[in-house]
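Participant: Please read through the structure below; I'll follow up with questions.
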Amino acid sequence: MIATAEVTVTNPSGLHARPATELVRVASALSSSTQLVLDDRTIDARSVLSVMGAAIAGGRTLTVRCEGEQADLDLQTVVAAFAAGLGE
């Protein structure tokens, strides 16, 4: 099963070290494979180097994609983490 949703990065500084680490922590705890899709790039949400390397700025809208048996539930978890500011 695949589930997707658009989210906006609410952190003014974007996905720098602290929110990127929180995103990786959340994604790593899920049973689904989780990616961020930004423009033509697919970013592994379980890799802090990939997330930080994407240099995602505050205010950017991207797509979260979860694939797995619990994709819908896992997607809700990631969307909620973004809505909460990823620890900031």
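Participant: Given (1) surrounded by fewer than 20 Cβ atoms within 10 Å (Cβ to Cβ); (2) touching a helix residue (DSSP H, G or I) at 6+ places or on another chain (Cβ under 8 Å), where does V9 come up short, assuming only one miss?
Facilitator: The single condition V9 does not satisfy is (1).
Participant: What residue, among those in the range 41-74 that are among the hydroxyl-bearing types (S, T, Y) and part of a strand (DSSP E or B), is nearest to the chain's Cα centre (by Cα)?
Facilitator: T63
Participant: Give the residues of the range 55-82 that are farther than 11 Å from V7 by Cβ, in contact with a Leu (Cβ under 9 Å, 6 or more places away or on another chain) and surrounded by fewer than 20 Cβ atoms within 10 Å (Cβ to Cβ), sorted by residue number.
Facilitator: Answer for the range 55-82, where residues must be farther than 11 Å from V7 by Cβ, in contact with a Leu (Cβ under 9 Å, 6 or more places away or on another chain) and surrounded by fewer than 20 Cβ atoms within 10 Å (Cβ to Cβ): A55, A57, G58, G68, Q70, L73, T77.
Participant: Continuing with this model, one more query. What pairs can you find where one residue is in the range 6-17 and within 21 Å of T77 (Cβ to Cβ), the other is assigned to a loop (DSSP other than H, G, I, E, B) and of a type in the set (S, T, Y), and their Cβ atoms are less than 9 Å apart, with a gap of 6+ or different chains?
Facilitator: Once the first residue is within 21 Å of T77 (Cβ to Cβ) and sits in the range 6-17, no partner that is assigned to a loop (DSSP other than H, G, I, E, B) and of a type in the set (S, T, Y) comes close enough.
Participant: Please work out if E22 is open to solvent by 80 Å² or more (accessible area, probe 1.4 Å) and either in contact (Cβ under 8 Å) with a residue 24 or more places away in the chain or assigned to a helix (DSSP H, G or I) (or both).
Facilitator: The answer is no for E22.
This table checks each residue for (1) of a type in the set (G, A, S); (2) within 11 Å of the chain's Cα centre (by Cα).
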{"residue": "V26", "(1), (2)": "no, yes"}
{"residue": "S31", "(1), (2)": "yes, no"}
{"residue": "L36", "(1), (2)": "no, yes"}
{"residue": "D39", "(1), (2)": "no, no"}
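Participant: Look at the range 25-49 and say how many of its residues are polar (S, T, N, Q), in contact with a helix residue (DSSP H, G or I) (Cβ under 8 Å, 6 or more places away or on another chain) and open to solvent by 20 Å² or more (accessible area, probe 1.4 Å).
Facilitator: Of the residues in that region, 2 qualify.
Participant: Out of (1) open to solvent by 50 Å² or more (accessible area, probe 1.4 Å); (2) in a loop (DSSP other than H, G, I, E, B), the odd one out for G14 is which?
Facilitator: It is condition (1) that G14 fails.
Participant: Same structure, new question: Quick check on my filter: what residues within the range 70-88 are charged (D, E, K, R) and modelled with pLDDT of 95 or more?
Facilitator: If the condition is that a residue be charged (D, E, K, R) and modelled with pLDDT of 95 or more, then D72, D74 are the ones that fit.
Participant: Then there's this: Under 6 Å by Cβ, and 6 or more places apart or on different chains, what pairs join a residue from the range 70-86 that is touching a residue at least 40 places away in the same chain (Cβ under 8 Å) and within 14 Å of T21 (Cβ to Cβ) with one that is open to solvent by 60 Å² or more (accessible area, probe 1.4 Å) and not in a helix (DSSP H, G or I)?
Facilitator: Hits for this filter: G85/T10.
The values are calculated or read from the model by the stated rules, or taken from the named source; none is laboratory data. All figures in this text were calculated on a predicted structure; none of them were measured in a lab. Every residue, glycine among them, receives a Cβ derived from its backbone with ideal geometry; neighbour counts consider all protein chains shown. For accessibility, only protein heavy atoms count, side chains too; no ligands or nucleic acids. Shrake-Rupley method; radii C 1.70, N 1.55, O 1.52, S 1.80 Å.
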